[in-house]
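Structure first, commentary second.
The values are calculated or read from the model by the stated rules, or taken from the named source; none is laboratory data. Source: prediction; values computed, not measured. Don't worry about glycine lacking a Cβ; one is built from the backbone with ideal geometry, like all the others, and counts go over all protein chains shown. Accessible surface is based on the protein model in full, side chains and every heavy atom, while ligands, DNA and RNA are left aside. Shrake-Rupley method; radii C 1.70, N 1.55, O 1.52, S 1.80 Å.
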Amino acid sequence: MEISNLGASELVSHLSAGHLTAVDCIQYFLQRIEQTNQSLNAFVNISDTALQRAREIDARRASGKPVGPLAGLPIAVKDGICTSGLKTTAGSKMLEQFVPPYDATIVRRLIDADGIVIGKTNMDEFAMGSSTEHSHFGAVKNPWSLDRVPGGSSGGSAACVAADMSPVAIGSDTGGSIRQPASFCGITGLKPTYGRVSRYGLIAFASSLDQIGPMTRTAKDSALILSVIAGHDVKDSTSAKNDVPDFTRSLEKPLTGVRIGICREHFDEGLDPEVESCVREATKVLESLGAATCEIHLPHTPYAVATYYVVAPCEASSNLARYDGVRYTYRAAATDLEQMYCQTRAAGFGDEVKQRIMLGTYALSSGYYDAFYLKASRVRRMIKHDYDQAFGEVDLILGPTSPTTAFSIGEHSHNPLAMYLADIYTVSANLAGVPAISIPAGISASGLPIGLQLQARSFDEGALLQAAHQFQSVTGWHATKPPLYQGPQT
Amino acid sequence: MSEFIDRAVVEQVARLARIHLSEQQLDASSKQLGEILNYVGQLERVTLPDDVEPFFGAIESVNAIRADEVNSSVDRDSILSNAPDSDGEFYSVPPVF
Amino acid sequence: MNSVNESAKEARARVGFDQVTVVIGMEVHVQLATQSKLFCSCSTQFGAPPNTQTCEVCTGMPGSLPVINNQALQLAIKTGLALNCEIARSTKWDRKNYFYPDLPKGYQISQFDKPICGKGYLDIADANGAFEPRRVRLERAHLEEDAGKSIHDESSRGGNSKIDLNRTGTPLLEIVTKPDMRSAAEARAFLTELKLILVYIGVSDCNMQQGSLRCDGNINLHIEFGGQTIATPIVEIKNLNSFRAAERSLTYEARRQFDLWQQCGLTIDDSPKQTRGWNDAQQVTTMQREKEESADYRYFPDPDLIAVSTSEEEIAAIEEQIDRLPAIWREHLSEVYNLKPYDADVIVSQGRGLVDYFREVADQCGDSRIASNWIGQEVLRYLNESGLEIDRYPVAPRQMAELLKRVVSNQLEQTRAKEVLNEMVASQLSVAAAIEKLGIKAVDHDELKSICQQLIDEHPEVAKQIQDGNIKAVGRLVGKARKLNPNANPGLVKDMILKFLGI
């Protein structure tokens, strides 16, 4: 059997039917990681218990005992999500030695479903970045072109799925950190509604924006994973009590009657013409599937990036105060307490993280709070209001995920603001809390993937996955693999 | 230079954030923070009706509460094993002065 | 110039302390009596070995999240209701950001602009009338999490500090008054009454040794000078670990501020708020720090928590749990049991248990004054000496009432009755058994007559003195009667001797 051609859903079926053992499956991917990770740097830590888990699951299945819906499926987890007994660093020197004594709720749910955590993926330090260049453990390379970034901050998760090192990865998305790397690496990435998936155990960047989601080859695979990880968690006060449907059930529903809004503001200056024409093509495909399209407005879109770069750093400046050298972090040598704080935080955090902590500290401090944090939070209300209005008219909002394809490593290293502006199409969904998905919709002339973003009403991930699946039923972009990593030829 | 920030403010912010910055880093940070603040400063010019309430969190629900029940705590050794300095009972930190 | 300064100083020197109004506001932190912490399910039990009552949440481990303890909310609301506070129908959580090793997250979860309890008040009075009754207005009461404990190296050798996070996350209610108190005695009375209420309604054990109740005082002076009112700089006195320390430090600080003003003339406009500590050994306040401008807490709404709303029904249900408060009991004991305000206060201020004890004894023995005297003296003395609470007192109310009935009916005179009580306490005996054990029995009339006659005969000089008008001298004979027969009732002896002597 050619495992490399199988997505998560197919793997699960074959595992369930006994065509494949969990041990064979895990061994295949461990070998892929072994072959590939050196050039991509997608994983920072490989689980040394994955094979053992696979043996246990095989034994359980062989003896006729029940197994979970993901039995034997390898899953890569972003290193900003806590795994009990397995080092969790958030890409930071600060947490280089941190071994959590507990599992994140989603990790627990995946394990309870008999999924197998195969390793931890590289990321921008504390999820701050759009390129996965800002990791203490080195930059991740884009499998489509090794001199390009994979996007970020879940760059390791995106690269490992694109390069066939794992059929599924878990990412987190604060301003586009699942969707933009999915777009840059040619995979499917879903940011669920805020509150849909528990954040318990997700190392916080900006608590009111962070959301965990699946990164897979297909929408169908994302539906499978979301159905397992979604749902209320008593340990997360912000987790929603809404019912969780089986998202795999509604995928085949035709798009007839579905109304899709094309956001006018997403086609303004700065959009790469190649990306634009690709998105226009994708629109036609969706129309051919029965969807009705129209133009809509999200008038506060021009302020979204500015709003985001106030709100997120403010929350981050407070969330990252706990990294102080006392309980679980790196500690710099010091003779007194103040020195310990200041030197630990100077040496333990990378430049981008320090920059954002400084920005947030400033924007919350006395005299600036009203002009920055409070004002941004009021503009955020308007951004949410824009969505409420738009979703009165349409079911989905369509546009590009990112204004460009993957940029070169180092391209924005001296201009953080330019990198921030690349988040323009993704940050609004986080600010408003709505779900959004990025799916592959084309390949550029230079051979880089282009992503299409769909956004939906809160808690309507079903609509996103349905449209994405329908699109993938008639297109082949999601099945196109990076030339370097097409897997073993048969 | 930014209308929002100067080197003295950057120094003060670094102190509040407990991040030591070298002279060179202070200069670099002043410049970069200034640029970013100039960009996000456009929010000041957005005019909003007075009745627009801030939206602080993406979930507007209420009452996530738990019952007052004690569950066992995490084993001390496993908690302290992550600490950079501890005597097995306490965390240990350099003196205040 | 110099002479101008000099003359201003001389003018200040002529101001008397009686032209000064002392202005005091208090901040009180109360640990609420929950089983588990405010945001996690670790125990709040005091005294466990260091760092054995912590988890990923209260040590602020990456990824952990807080969930509010409903009981803490209930107790906070109950307190607010007992203190006449407005109860917020919707309350939220904010982060107070600062660095300290015993604050694991680098911020404290607190409440900034929507505290659970808003404005309220507490009436204070002194049973001896030392000050006029006063209504102390409360600014607010909000919930927050406690910090851990830092143990610093006191050897001055610069050793490391030790951090224990067991206390981290214990629910605290911070109660803040308006600057309404006008003397240290009023401040002490406020604290005493507040503690009493909190214990009555069962929201906290208020054990100051264990830190369940901690208070800080804010104080400055308003001085009538040169036709206007001048305010001195505000000083916050931190960590007053007893009510006596609170009273003494505020008394000291008022005088210190006055002396300093006379010397330098500094006013509130010249100096920022200062923090001082109370040195109990030397009985002085010492400078800790000026509230520097960098104490910028950067409060903002905690995005990990959502608002809590409380319905009218829930508030009404909590209100129903509140029994009579101390002030009501004082009134009740005065009006229904006819006690003097001072006596009522003695009982009420010992806590609800003693009130119930008193009522049972008074109801059963039928004489509330006697009950009040005996409880106020004998019972309280025993409790103070033994350090026990009334629920551990060896004599049940019914037995106490039995004893007092005999006193009321003159079957037992006071001194003998006290001996009986001591025996009841020591040997856990009933009244009858204790009387039996002490060999107490009534002395019959004839024997009493012969004792009295014998005393008059043996002490003619005393008898003469009495007949000459020194009635008091009869006491000496009464004393001797007890030696002849310890059961002789002194009152009866006295009456009989006087009768024999024709007085």
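Table for the structure above
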quantity: Selection count where residues are more than 14 Å from chain B (Cβ to nearest Cβ) and farther than 14 Å from A:Ser172 by Cα, scope the range A:95-127; calculated: 12
quantity: Qualifying residue in the range A:161-168 (condition: over 17 Å from A:Val44 (Cα atoms) and assigned to a strand (DSSP E or B)); calculated: no
quantity: From B:Val70, B:Val62, B:Val40, residue being at the interface with chain A (Cβ under 7 Å from one of its Cβ atoms) and either surrounded by fewer than 21 Cβ atoms within 10 Å (Cβ to Cβ) or free of Cβ contacts under 8 Å to residues at least 24 places away in the same chain (or both); calculated: B:Val40
quantity: Selection from the range A:346-373 of residues that are closer than 18 Å to B:Glu3 by Cβ, more than 7 Å from chain B (Cβ to nearest Cβ) and of a type in the set (A, V, I, L, M); calculated: A:Ala363
quantity: Candidate set: the range A:74-89, residues that are in a loop (DSSP other than H, G, I, E, B) and either at pLDDT 95 or above or more than 11 Å from every other protein chain (Cβ to nearest Cβ) (or both); chosen: the one farthest from A:Thr21 (Cα to Cα); calculated: A:Thr89
quantity: Test: residue in the range A:428-438 that is modelled with pLDDT of 95 or more, on the phi > 0 side of the Ramachandran plot and open to solvent by 40 Å² or more (accessible area, probe 1.4 Å); calculated: no
quantity: Single residue of A:Ser92, A:Ser153, A:Ser130 found to be open to solvent by less than 10 Å² (accessible area, probe 1.4 Å), touching a helix residue (DSSP H, G or I) at 6+ places or on another chain (Cβ under 8 Å) and within 14 Å of chain C (Cβ to nearest Cβ); calculated: A:Ser92
quantity: Single unsatisfied condition, B:Asp85 versus (1) in contact with an Asp or Glu (Cβ under 9 Å, 6 or more places away or on another chain); (2) surrounded by fewer than 18 Cβ atoms within 10 Å (Cβ to Cβ); (3) within 9 Å of chain A (Cβ to nearest Cβ); calculated: (1)
quantity: Leading residue by the ranking (most open to solvent (accessible area, probe 1.4 Å)) among those in the range C:95-110 that are among the basic types (Lys, Arg) and in a strand (DSSP E or B); calculated: C:Lys96
quantity: Failed item in (1) surrounded by fewer than 20 Cβ atoms within 10 Å (Cβ to Cβ); (2) in a helix (DSSP H, G or I); (3) in contact with a helix residue (DSSP H, G or I) (Cβ under 9 Å, 6 or more places away or on another chain), with A:Arg380 passing the rest; calculated: (1)
quantity: Filter result for A:Asp147 (more than 14 Å from chain B (Cβ to nearest Cβ) and open to solvent by 10 Å² or more (accessible area, probe 1.4 Å)); calculated: yes
quantity: Selection count, the range A:346-368, where residues are among the small types (Gly, Ala, Ser), assigned to a helix (DSSP H, G or I) and open to solvent by 10 Å² or more (accessible area, probe 1.4 Å); calculated: 2
quantity: Subset of the range C:432-442 that is more than 11 Å from C:Leu412 (Cα to Cα) and of a type outside the set (Asp, Glu) - its residue that is surrounded by the most Cβ atoms within 10 Å (Cβ to Cβ); calculated: C:Ala434
quantity: Breaking point among (1) farther than 24 Å from A:Gly138 by Cα; (2) not in a helix (DSSP H, G or I), for A:Glu338; calculated: (2)
quantity: Residue satisfying condition, being outside any helix (DSSP H, G or I) and open to solvent by less than 60 Å² (accessible area, probe 1.4 Å), within set C:Leu339, C:Leu354; calculated: C:Leu339
quantity: Condition met for C:Leu404 (among the aliphatic types (A, V, I, L, M), closer than 22 Å to C:Leu339 by Cβ, in contact (Cβ under 8 Å) with a residue 12 or more places away in the chain and assigned by TED's automatic domain parsing to the domain that holds C:Leu339); calculated: yes
quantity: Residues located in the range C:29-69, provided they are assigned to a strand (DSSP E or B) and open to solvent by less than 10 Å² (accessible area, probe 1.4 Å); calculated: C:Val30, C:Ser36, C:Ile68, C:Asn69
quantity: Number of the condition not met by A:Gln343 [criteria: (1) assigned to a helix (DSSP H, G or I); (2) more than 7 Å from every other protein chain (Cβ to nearest Cβ); (3) surrounded by fewer than 24 Cβ atoms within 10 Å (Cβ to Cβ)]; calculated: (2)
quantity: Index of the failed condition, A:Lys235 passing every other in (1) in contact with a helix residue (DSSP H, G or I) (Cβ under 7 Å, 6 or more places away or on another chain); (2) closer than 28 Å to A:Leu289 by Cβ; (3) basic (Lys, Arg); calculated: (2)
quantity: Members of the range A:104-135 found to be part of a loop (DSSP other than H, G, I, E, B) and more than 19 Å from the chain's Cα centre (by Cα), listed by number; calculated: A:Ala113, A:Asp114
quantity: Residues that are surrounded by fewer than 22 Cβ atoms within 10 Å (Cβ to Cβ) and assigned to a strand (DSSP E or B), drawn from the range A:30-73; calculated: A:Asn45, A:Ile46
quantity: Test result for A:Phe247, open to solvent by 10 Å² or more (accessible area, probe 1.4 Å), farther than 19 Å from A:Ala312 by Cα and touching a residue at least 24 places away in the same chain (Cβ under 8 Å); calculated: no
quantity: Qualifying residue in the range C:245-260 (condition: part of a helix (DSSP H, G or I), surrounded by fewer than 19 Cβ atoms within 10 Å (Cβ to Cβ), in contact (Cβ under 8 Å) with a residue 60 or more places away in the chain and under 31 Å from the mean Cα position of the chain (by Cα)); calculated: yes
quantity: A:Val326 vs. criteria in a loop (DSSP other than H, G, I, E, B), out of contact with any His (no Cβ under 7 Å at 6 or more places or on another chain) and surrounded by 21 or more Cβ atoms within 10 Å (Cβ to Cβ); calculated: yes
quantity: Some residue of the range A:312-322 being out of contact with any strand residue (DSSP E or B) (no Cβ under 8 Å at 6 or more places or on another chain), farther than 21 Å from C:Gly63 by Cβ, buried (at least 24 other Cβ atoms within 10 Å of the Cβ) and within 11 Å of chain C (Cβ to nearest Cβ); calculated: no
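Residue-by-condition table, conditions (1) farther than 30 Å from C:Pro62 by Cα; (2) open to solvent by 20 Å² or more (accessible area, probe 1.4 Å); (3) not assigned by TED's automatic domain parsing to the domain that holds C:Asn51:
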| residue | (1), (2), (3) |
| --- | --- |
| C:Phe112 | no, yes, no |
| C:Pro115 | no, yes, no |
| C:Arg135 | yes, yes, no |
| C:Ser155 | yes, yes, no |
| C:Thr168 | no, no, no |
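Table: residues versus (1) in a helix (DSSP H, G or I); (2) of a type in the set (D, E, K, R).
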site: C:Val462; (1), (2): yes, no
site: C:Gln465; (1), (2): yes, no
site: C:Lys472; (1), (2): yes, yes
site: C:Arg482; (1), (2): yes, yes
site: C:Leu492; (1), (2): yes, no
site: C:Lys499; (1), (2): yes, yes
site: C:Ile503; (1), (2): no, no
